[in-house]
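Everything on this sheet refers to the single structure shown next.
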Amino acid sequence: MNEKMESDDAVVIDTRMEEEEIQQQDDTNNNNMKTRLEIELEDGVDIPLHNDDNGVNNEHSDKNWKQNLKDFMKRLYELIIAFLPMGFISFGGPVANVSLLEEMFVRNRHWVTEQQFMELLAISQVVPGPTSVQVAIAIGTMYLRSYLGGIIACLMFTFPASAFLVVVGLFFSQGNIMSGLPHWFLILLQGLSCGAIAIIVLAAWKLTMNATSAKALSTVKSPLIVHTIIFMTCILFLLFQYSWMIFVLMAMGASISALYGILNEILFEKRLKQYVTKNELEQVEKSNLSRYQKVLKYIFLFISTFWRTKKIDMLTVTSGESLASAVPEEKEELEISHSRPFVGILFFLGFALLFGGLIVARLFIDWKPLLLFEAFFRVGSLIIGGGHVVVSVPLLITEFGPEKLNLITDEQFNNGFSLVSAMPGPLFNLSAYVGTVVNGVIGGIIGWIGLFLPGFLFIWGALPIWKKLRQYRIVKKLLVGVNSVAIGLIYSAVFLLWKTAVGTNLYAAVSVVFGLYLQLILDLMAPAVVFGGGLMRLVLYLIFEGNKVIQTTTH
């Protein structure tokens, strides 16, 4: 009996001990939760107090979801407001449009940095598609962090002119359309191009200054190399205006900058560190010599290292020519791409499958919409370096004219080309007109999508891959040369656009100077500069040329 009572007491004691341990564990958990709660509350973070009820967690996730949606809608609204004016003021062709984008989204809104913009421009120059539109697509995609942003940016950029060209293609494709417009209106259009020239000039100069800054030269470290590539690009492209010349110039610029950067890094800087004293280098830097005299001085110091002895103190040269202190890189405002490189490869594969599939489908299916889409898609895949190829090599008239499909006459095509050249937006908008003439409104939509779609696929495919490649130092050296070539092409566009919009007309030249005044002195935004140049040209025409035209017509 006593043994049984003792065993019962032991069981009771064990049970109490277990209950006390459980109570202590619960108290410890409660204290930990309180401590965590206090910490989170001090940090200003809301956390759910109970883990056994999913209602609070769901409420917290709903708040995050609503906040993310609110931020997305805010960015969407800002994107639409920013790109909407582009469809009405982007006169002057692809390079003028690029300059407008640089002015609006680098200088004014600060959505992308100068370096990012130059990278986007360089990528768009070497892949098929309309250069200026691809830059806009990239900016829209980066800002909204969604491919929807790129689509909206393109639509805002191209829709006004495309819609007008569809209407013209429906009702006014016959006869010489431009001859029916009043002369003063044509003069106004010429003035808008004069305002665009002013924007291009200042944009090219600003990009040159940025390309020769200490930050941009952190890998190549030579303003002389950058300036040389820029001017050689401008001269060579003016002499040889072919699409393949862009590839040659890009390869040349990238090779020169990379070769110089590597040799400078492993040879020039290394020997200066080991043999030249800090005082000698500071004397050259602080002297009143010109830049190129300093270059010659540094070359002499480098040659002298072959008979000097190594110095004890090591000097880190941070800027081959200027020896300026390294500038820390600023944090980029937006990512070049929100996708992984694998996504970029998928876009390229999608393009290849679509390109091949359309060609095969055309052989077996005789359907006009399919024929139109395949032809426009194929032409859009072959145009590199922007819409200028449509001018120099009229692929569209060759494809749809009497030589091949015989769906549009030369007169109809020339009418559309004259209109799209005088209107804002990219030259690729010509696809809306040609498609409408061939197959009505549906044809215009098909033509527009077909010609622009390769540009979407290529820029969306290139951005994720470029995001990975741009991290490597050798790629940064190559990029200096590519950026310099892109700037050189902008300078060449100034001369080409001057030839067509100004020529030897004194009043058009005055309109360009007035546009420079509006932007450089008054610091007006791009739309005001474009329209200011147009109004100045119209006023000068009415004052000095209008009476001559009237007298000529009366006689």
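The values are calculated or read from the model by the stated rules, or taken from the named source; none is laboratory data. Here the structure is a predicted model, which means the values were calculated and not measured. Reconstructed Cβ throughout: ideal geometry from the backbone, glycine too, with neighbour counts over all protein chains shown. When the accessible area is computed, the model is the full protein with side chains, heavy atoms only, and any ligands, DNA or RNA have been set aside. Shrake-Rupley method; radii C 1.70, N 1.55, O 1.52, S 1.80 Å.
Flag: residue 299 matches the condition of being aliphatic (A, V, I, L, M), more than 25 Å from residue 485 (Cα to Cα) and at pLDDT 75 or above. The condition of being under 27 Å from residue 129 (Cβ atoms), surrounded by 14 or more Cβ atoms within 10 Å (Cβ to Cβ) and among the charged types (D, E, K, R) does not hold for residue 221.
When 365, 383 are checked against the criterion of being at pLDDT below 90, hydrophobic (A, V, I, L, M, F, W, C) and open to solvent by less than 50 Å² (accessible area, probe 1.4 Å), a single residue qualifies: 383. Among residues of segment 397-419 that are farther than 25 Å from residue 181 by Cβ, those with a Cβ under 8 angstrom from a residue that is open to solvent by 40 Å² or more (accessible area, probe 1.4 Å) and β-branched (Val, Ile, Thr), sequence gap 6+ or separate chain, pair up as 402/409; 404/398.
Looking at segment 174-183, is at least one residue modelled with pLDDT under 85, assigned to a helix (DSSP H, G or I) and of a type outside the set (Gly, Ala, Ser)?
There is at least one residue in segment 174-183 that is modelled with pLDDT under 85, assigned to a helix (DSSP H, G or I) and of a type outside the set (Gly, Ala, Ser).
Before we move on, is residue 346 at pLDDT 75 or above and over 21 Å from residue 169 (Cβ atoms)? So residue 346 fits the description; yes. For residue 130, the conditions (1) buried (at least 24 other Cβ atoms within 10 Å of the Cβ); (2) touching a Leu at 6+ places or on another chain (Cβ under 7 Å) all hold with the exception of (2).
Counting only residues that are open to solvent by 50 Å² or more (accessible area, probe 1.4 Å) and over 17 Å from residue 166 (Cβ atoms), which one in segment 404-420 is modelled with the highest pLDDT?
409
Summed over segment 428-441, the residues that are open to solvent by 10 Å² or more (accessible area, probe 1.4 Å) and over 20 Å from residue 156 (Cα atoms) give a count of 4. Does residue 263 qualify as being aliphatic (A, V, I, L, M), free of Cβ contacts under 8 Å to residues at least 24 places away in the same chain and more than 29 Å from residue 475 (Cβ to Cβ)? Spelling it out, it is not the case that residue 263 is aliphatic (A, V, I, L, M), free of Cβ contacts under 8 Å to residues at least 24 places away in the same chain and more than 29 Å from residue 475 (Cβ to Cβ). When each of 135, 95 is tested for being part of a helix (DSSP H, G or I), within 19 Å of residue 206 (Cβ to Cβ) and either more than 14 Å from the chain's Cα centre (by Cα) or modelled with pLDDT under 80 (or both), the lone residue that passes is 95.
Does residue 209 satisfy the criteria of being part of a helix (DSSP H, G or I), open to solvent by 10 Å² or more (accessible area, probe 1.4 Å), under 27 Å from residue 498 (Cβ atoms) and modelled with pLDDT under 85?
Here the answer is yes, as residue 209 does meet what is asked.
The test for being at pLDDT 75 or above and among the basic types (Lys, Arg) does not hold for residue 310. Would a scan of segment 453-471 turn up a residue that is free of Cβ contacts under 8 Å to residues at least 24 places away in the same chain and within 21 Å of the chain's Cα centre (by Cα)? The answer is yes, given that some residue of segment 453-471 is free of Cβ contacts under 8 Å to residues at least 24 places away in the same chain and within 21 Å of the chain's Cα centre (by Cα).
Output yes when any residue across segment 278-292 is touching a Leu at 6+ places or on another chain (Cβ under 8 Å), in a loop (DSSP other than H, G, I, E, B) and at pLDDT below 75, and no when none is. Within segment 278-292, none of the residues are touching a Leu at 6+ places or on another chain (Cβ under 8 Å), in a loop (DSSP other than H, G, I, E, B) and at pLDDT below 75.
On the given criteria, is residue 399 modelled with pLDDT under 80, over 27 Å from the mean Cα position of the chain (by Cα) and open to solvent by 60 Å² or more (accessible area, probe 1.4 Å)?
When the stated conditions are applied, residue 399 does not pass them.
Going by the structure shown, is residue 234 touching a Lys or Arg at 6+ places or on another chain (Cβ under 7 Å), assigned to a helix (DSSP H, G or I) and modelled with pLDDT of 85 or more? Against the criterion (touching a Lys or Arg at 6+ places or on another chain (Cβ under 7 Å), assigned to a helix (DSSP H, G or I) and modelled with pLDDT of 85 or more), residue 234 does not qualify. Only a single item in (1) assigned to a helix (DSSP H, G or I); (2) touching a residue at least 40 places away in the same chain (Cβ under 8 Å) is not met by residue 111, and it is number (1).
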